[in-house]
Amino acid sequence: MTQAETAEGRRDSIFSVMTGSDKVNSAIYDRGRIRLCHGDFLDVVKGMDSDSIDMVFTDPPYGLTGGGMKSGKLVYPDNGVFGSCGFDTGSIAFDAWIPEVYRVMKNDRYFYVMSNDRNLFSIHDVCTDSGFKFCELLVMDKKMTVPSVYYPKKAEFILMYRKGKCRKTRFTGATVMGAALPRGKEKRHPTEKPVSVISHLIRCSTFENELCLDPFMGSCPAGEACIMTGRRFIGSEIEQEWYAVSRDRIPGLLQTGKE
Ligand SMILES: C[S@@+](CC[C@H](N)C(=O)[O-])C[C@H]1O[C@@H](n2cnc3c(N)ncnc32)[C@H](O)[C@@H]1O
């Protein structure tokens, strides 16, 4: 455990948003602009003030309903192909965490949530029931195809919502974004997302020094994107393995990033 990491939730530093609860989580890495929490988001969020976050980007866990490929064959979740994906894909219901995201976000701010095709509609229903207004459906072209019963899948989706009114920031680019997924030695997490896409969304939706949250940070590409764009970041991750990957990723970046 480093000097900046504490065994209990802390209530200091620039992250005044985390003042509501003493029971935050089991470990926090807190350095400058970045706070990483090891714990269940539903516990972490209890310590966060309402109306305090400028943007949320997340790639949440969800139960997979489609198949995947194993040894060149299509297999389905019951056959266990996703059993080794590194986390419990069905662990947290959309209606448990999306209303909490709504609560902690400031008004007139943007929420981005990634989804596959099968979960788009459930996520959308919970978002609108929670009070979010739908803005855009963005498409991430993964530059690779995954076999499917129907058409080979080449896209992942990013649903964009706002809380409150539309905020004038600076939207550039188009609704389809190309970005290869991390592969080989670059890949730290089974479902790792490209920093370039997250950085783009952050630049388009926030201003420097604003505060972004990723409730399900995995290997922390959103934290890296915040460092690269001069934003502050809070992330939570329930699995020790991915929390440790995130914690190891940040220090070197803080030296080179825009502090
Ligand atoms: C789809 S992955 C995110 C991957 C991440 N975008 C990346 O690029 O590395 C979802 C993550 O949420 C974590 N998770 C699942 N339930 C959680 C919970 N209740 N609180 C916090 N993290 C959770 C999983 O362990 C997993 O690492």
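The values are calculated or read from the model by the stated rules, or taken from the named source; none is laboratory data. From a predicted model like this one, the values you see are computed outputs, not experimental measurements. So basically every Cβ, Gly included, is an ideal-geometry build from the backbone, and we count neighbours across all protein chains shown.
Summary of values
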| item | result |
| --- | --- |
| Answer from Ile53, Ile158, Ile92 - the residue that is surrounded by 16 or more Cβ atoms within 10 Å (Cβ to Cβ) and modelled with pLDDT under 95 | Ile92 |
| Residue within the stretch 204-212 that is under 13 Å from the mean Cα position of the chain (by Cα) and either surrounded by 19 or more Cβ atoms within 10 Å (Cβ to Cβ) or among the charged types (D, E, K, R) (or both) present | yes |
| Any hit, the stretch 224-238, residues being of a type in the set (A, V, I, L, M, F, W, C) and within 7 Å of the ligand (Cβ to nearest atom) | yes |
| Tally, over the stretch 202-253, of residues that are within 25 Å of Thr169 (Cβ to Cβ) and assigned to a helix (DSSP H, G or I) | 14 |
| Number of the condition not met by Tyr62 [criteria: (1) surrounded by 14 or more Cβ atoms within 10 Å (Cβ to Cβ); (2) modelled with pLDDT under 50; (3) not small (Gly, Ala, Ser)] | (2) |
| Test for Lys193: is it in contact with a Gly (Cβ under 9 Å, 6 or more places away or on another chain), under 20 Å from Thr229 (Cα atoms) and either within 16 Å of the ligand (Cβ to nearest atom) or among the basic types (Lys, Arg) (or both) | yes |
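Quick grid of which residues meet (1) assigned to a loop (DSSP other than H, G, I, E, B); (2) touching a strand residue (DSSP E or B) at 6+ places or on another chain (Cβ under 8 Å); (3) among the hydroxyl-bearing types (Ser, Thr, Tyr):
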{"residue": "Leu138", "(1), (2), (3)": "no, yes, no"}
{"residue": "Met144", "(1), (2), (3)": "no, yes, no"}
{"residue": "Phe157", "(1), (2), (3)": "no, yes, no"}
{"residue": "Arg162", "(1), (2), (3)": "no, yes, no"}
{"residue": "Lys165", "(1), (2), (3)": "yes, yes, no"}
{"residue": "Gly173", "(1), (2), (3)": "yes, no, no"}
{"residue": "His189", "(1), (2), (3)": "yes, no, no"}
{"residue": "Glu192", "(1), (2), (3)": "yes, no, no"}
{"residue": "Val197", "(1), (2), (3)": "no, yes, no"}
